[in-house]
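These notes concern the structure reproduced below.
The values are calculated or read from the model by the stated rules, or taken from the named source; none is laboratory data. Quick caveat, the model's predicted, so the values are computed rather than measured. As a convention, Cβ positions derive from the backbone with ideal geometry for all residues, glycine included, and neighbour counts pool all protein chains shown.
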Amino acid sequence: MEMETGSTSVHKKERERMERRYPGRAGPPCRLAQPPHLSPAQHKHRPQAHTKPSSHKKKNLARFLPTFLPSSLPRPPPPADRPAMDPVEVVMGAYGGPARRVESGASETMLLWGLGQPASHRPNAFARQGLPAFPIDACGRRLTLHQQPSSFRGASGVTGAVVWDSAVVLAKFLEHAADAGLLPVRGARAVDLGAGCGLVSVVAALLGARVVATDLPDRVRLLRKNLEENVCNGDGDGGSATVAELVWGDEYELDPELLLWLDTEAEPPELVLGSDVVYSEEAVGDLLATLCRLAGPRTTVLLAGELRNDVVVECFLEAAMAEFEVGCIEQEQWHPDFRTNRVAIFILLRKTPPPPLPVSTP
């Protein structure tokens, strides 16, 4: 004979009571009964293992629900007073391909760092800064750019003494866009800012542009050597390359050759190029002053920069948008073999000044 313990007896009596109260059912249809070994009074004071969130917590949680929804589920449309913020692709300047219009410096840097996630501590994707000479194939020939690795000592060294990834990306972009018929480089007049070792200037000249490669006075010796060895003026597509000293922000320190070139030309240059020229907040003002001095209404500015510091990039974009229309050229438009998340290519166009207000005569 099986003996009933106290707990078993209590459970049995409770089941019999529930069957008499709800015949044919296991219990109440809508409410779970309290544990049978507890009285209603005891159940009232029993600590709850799972408590429901309060109403204000529900509201806070609801704000984050769309973030965790699977992409396959349909999302509700945005409110009528807040339209969807899709990137706006436009054609800017002489470049015939699409560019994403930059609406604000903050949103652009958030997009570049959030999606691309550049990491400055990684090794260069294309440049080889430890070699005395950097070889690269471009424009159907083998180019050799002399470097001075001993002069480059990190952030405090001479950055123009070695080739950077941004220069490689911009040079190959020029070649790719010109071959695709999207950028008229042949016969264009171009100024290369901060030319460094001269890779961008060399490629632009080989594509047929008349290039003035500029840099600080103490850095033009290496630049001139690379241009002389890689560019034969008048050869190929009729391009040429000359060297001029340029100190940003101070037009009185322009090289006489560059001043003569600017003064004798009827129009500003069609192209202004620059690689790795956005590197500090202190240099942003001088760089923009030089861009405003060189660029005219028909000038297309192409700047490639390595994404090291989001604060510096945001500072430059916000300041540039006061004088220029700014766009970002997506990687899909670059040379397919020279793409990296560590570099961005921006395109700038000088804003058209508003027409003068009519003068009312009394």
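Residue count for segment 264-304 under the criterion of being β-branched (Val, Ile, Thr) and in contact (Cβ under 8 Å) with a residue 40 or more places away in the chain: the result is 6.
Pairs linking a residue in segment 213-233 that is more than 19 Å from ARG142 (Cβ to Cβ) to a residue that is surrounded by 21 or more Cβ atoms within 10 Å (Cβ to Cβ) and of a type in the set (Ser, Thr, Tyr), with Cβ atoms under 7 Å and 6 or more positions apart or on different chains, are ALA213/SER201. Only one of the listed residues (VAL284, VAL243, VAL247) is in contact with a strand residue (DSSP E or B) (Cβ under 7 Å, 6 or more places away or on another chain) and either modelled with pLDDT of 85 or more or in a helix (DSSP H, G or I) (or both). That residue is VAL243.
Is it the case, given these coordinates, that VAL272 is surrounded by 19 or more Cβ atoms within 10 Å (Cβ to Cβ), in a strand (DSSP E or B) and more than 16 Å from the chain's Cα centre (by Cα)? Here the answer is yes, as VAL272 does meet what is asked. Being within 16 Å of LEU145 (Cβ to Cβ), under 30 Å from the mean Cα position of the chain (by Cα) and at pLDDT 95 or above is a property that does not hold for LEU193. Within segment 315-329, the only residue that satisfies the criterion of being in contact with a Gly (Cβ under 9 Å, 6 or more places away or on another chain) and surrounded by fewer than 17 Cβ atoms within 10 Å (Cβ to Cβ) is ALA319.
For segment 288-314, the set of residues classified as buried (at least 19 other Cβ atoms within 10 Å of the Cβ), assigned to a helix (DSSP H, G or I) and not charged (D, E, K, R) consists of LEU288, THR290, LEU291, LEU294, VAL312, VAL313, listed by residue number. The set of residues in segment 208-222 being within 23 Å of ARG128 (Cα to Cα) and surrounded by 24 or more Cβ atoms within 10 Å (Cβ to Cβ) consists of ALA213, THR214, ASP215. Just to be sure before I move on: is ALA205 crowded, with 21+ Cβ neighbours inside 10 Å, at pLDDT 95 or above, touching a Gly at 6+ places or on another chain (Cβ under 7 Å) and in a helix (DSSP H, G or I) in the structure I sent? In short, yes. Within segment 98-133, being under 21 Å from LYS172 (Cα atoms), free of Cβ contacts under 8 Å to residues at least 60 places away in the same chain and not in a loop (DSSP other than H, G, I, E, B) holds for one residue alone: ALA133.
Between VAL326, VAL301, VAL359, which is β-branched (Val, Ile, Thr) and at pLDDT below 95? On inspection, the qualifying residue turns out to be VAL359.
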